[in-house]
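Novice: Quick one: the structure is below, and I'll ask about it shortly.
The values are calculated or read from the model by the stated rules, or taken from the named source; none is laboratory data. Everything numeric here is computed off the predicted structure, so don't read it as measured data. Backbone-built Cβ (ideal geometry, glycine too); neighbour counts: all protein chains shown. Side chains are part of the model used for accessible areas, which takes the heavy atoms of the whole protein and leaves out ligands, DNA and RNA. Shrake-Rupley method; radii C 1.70, N 1.55, O 1.52, S 1.80 Å.
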Amino acid sequence: MVKYSKEPDNPTKSCKARGSDLRVHFKNTRETAFAIRKLPLAKAKRYLEDVLVHKQAIPFRRFCGGVGRTAQAKNRHSNGQGRWPVKSARFILDLLKNAESNAEMKGLDVDSLYVSHIQVNQAQKQRRRTYRAHGRINPYMSHPCHIELILSEREESVKKEPETQLATSKSKKSQALRSGASS
């Protein structure tokens, strides 16, 4: 069994998926993963499918040196820098589909799932070489990554009591304490 960096809060209401040594750029994949975290599953899948057809952009926040600006990214993040990393989106979309089928096997409600945790780590670089002038050789490395994600069911929020009932119950308690103190 593979260890995840974070265990879900409620393991019975969540499912996991991971990919190791995936041959896709680490930096692009990190930005793509950051864009879909905390999104509901259906919304995340639709967003990544829109990225594949260039309808929505992935905002680049950390690894944004030399990244051009686009109006699609400006809608999602203030710096306006964004791209459409198709290969990264495809890999993460495949992992989301895998996690969704894991959820169906566990008997979870697929409509209430959201991306509670997604993380991208650098994997070991793969080495090639490129030939330079004057007989020299330079490294030509690829930057693969590990991706892990956890989908969890949304917890049903408990409604708070109206203020009037809270005020009356407090006043009854305080009256009882006062009457007990006076006697």
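Novice: Going by the structure shown, is Leu96 open to solvent by less than 10 Å² (accessible area, probe 1.4 Å), in a helix (DSSP H, G or I), more than 16 Å from Ala17 (Cα to Cα) and not hydroxyl-bearing (Ser, Thr, Tyr)?
Specialist: Against the criterion (open to solvent by less than 10 Å² (accessible area, probe 1.4 Å), in a helix (DSSP H, G or I), more than 16 Å from Ala17 (Cα to Cα) and not hydroxyl-bearing (Ser, Thr, Tyr)), Leu96 does not qualify.
Novice: I would also like to ask the following. As an exercise: evaluate Arg127 against (1) part of a strand (DSSP E or B); (2) surrounded by 15 or more Cβ atoms within 10 Å (Cβ to Cβ); (3) over 20 Å from the mean Cα position of the chain (by Cα) and give the number of the one condition it does not meet.
Specialist: (2) is the only condition that Arg127 fails.
Novice: Among Arg30, Arg18, which is in contact with a Leu (Cβ under 9 Å, 6 or more places away or on another chain), charged (D, E, K, R) and open to solvent by less than 80 Å² (accessible area, probe 1.4 Å)?
Specialist: On the way: Arg30 fails: in contact with a Leu (Cβ under 9 Å, 6 or more places away or on another chain).
Arg18 is the lone residue from the list that is in contact with a Leu (Cβ under 9 Å, 6 or more places away or on another chain), charged (D, E, K, R) and open to solvent by less than 80 Å² (accessible area, probe 1.4 Å).
Novice: For Leu149, state whether it is on the phi < 0 side of the Ramachandran plot, part of a strand (DSSP E or B), open to solvent by less than 20 Å² (accessible area, probe 1.4 Å) and in contact (Cβ under 8 Å) with a residue 40 or more places away in the chain.
Specialist: Details: on the phi < 0 side of the Ramachandran plot: yes; part of a strand (DSSP E or B): yes; open to solvent by less than 20 Å² (accessible area, probe 1.4 Å): yes; in contact (Cβ under 8 Å) with a residue 40 or more places away in the chain: yes.
Here the answer is yes, as Leu149 does meet what is asked.
Novice: Also, I was wondering about something else. So, in the range 72-106, exactly how many residues are within 15 Å of Lys45 (Cα to Cα) and among the polar types (S, T, N, Q)?
Specialist: Going through the range 72-106 one residue at a time, the tally reaches 3.
Novice: Also, I was wondering about something else. Show the residue pairs that are 6+ apart or on different chains and have beta-carbon atoms under 9 Å apart, the first residue being within the range 109-123 and under 16 Å from Ala42 (Cα atoms), the second being open to solvent by less than 20 Å² (accessible area, probe 1.4 Å) and of a type in the set (D, E, K, R).
Specialist: Matching pairs, first to second residue: His117/Glu148; Ile118/Glu148.
Novice: Related question: List every residue pair whose Cβ atoms lie under 8 Å apart, where the two residues are 6 or more positions apart in sequence or sit on different chains, the first residue falls within the range 58-83 and is closer than 19 Å to Thr29 by Cβ and aromatic (Phe, Trp, Tyr), and the second residue, located anywhere, is open to solvent by less than 40 Å² (accessible area, probe 1.4 Å) and assigned to a loop (DSSP other than H, G, I, E, B).
Specialist: Phe60/Val67
Novice: Taking the range 13-55, which residues are without any contact (Cβ under 8 Å) to a residue 60 or more places away in the chain and either in contact with a Cys (Cβ under 6 Å, 6 or more places away or on another chain) or within 29 Å of Gly107 (Cβ to Cβ) (or both)?
Specialist: Hits for the range 13-55 are Lys43, Lys45, Arg46, Tyr47, Leu48, Glu49.
Novice: Scan the range 40-64 for residues that are open to solvent by 30 Å² or more (accessible area, probe 1.4 Å) and within 21 Å of Ile150 (Cα to Cα) and jot them down.
Specialist: Hits for the range 40-64 are Pro40, Ala42, Lys43, Lys45, Arg46, Glu49.
Novice: Surrounded by fewer than 13 Cβ atoms within 10 Å (Cβ to Cβ) and more than 20 Å from Ile150 (Cβ to Cβ): is that true of Gly107 in this structure?
Specialist: no
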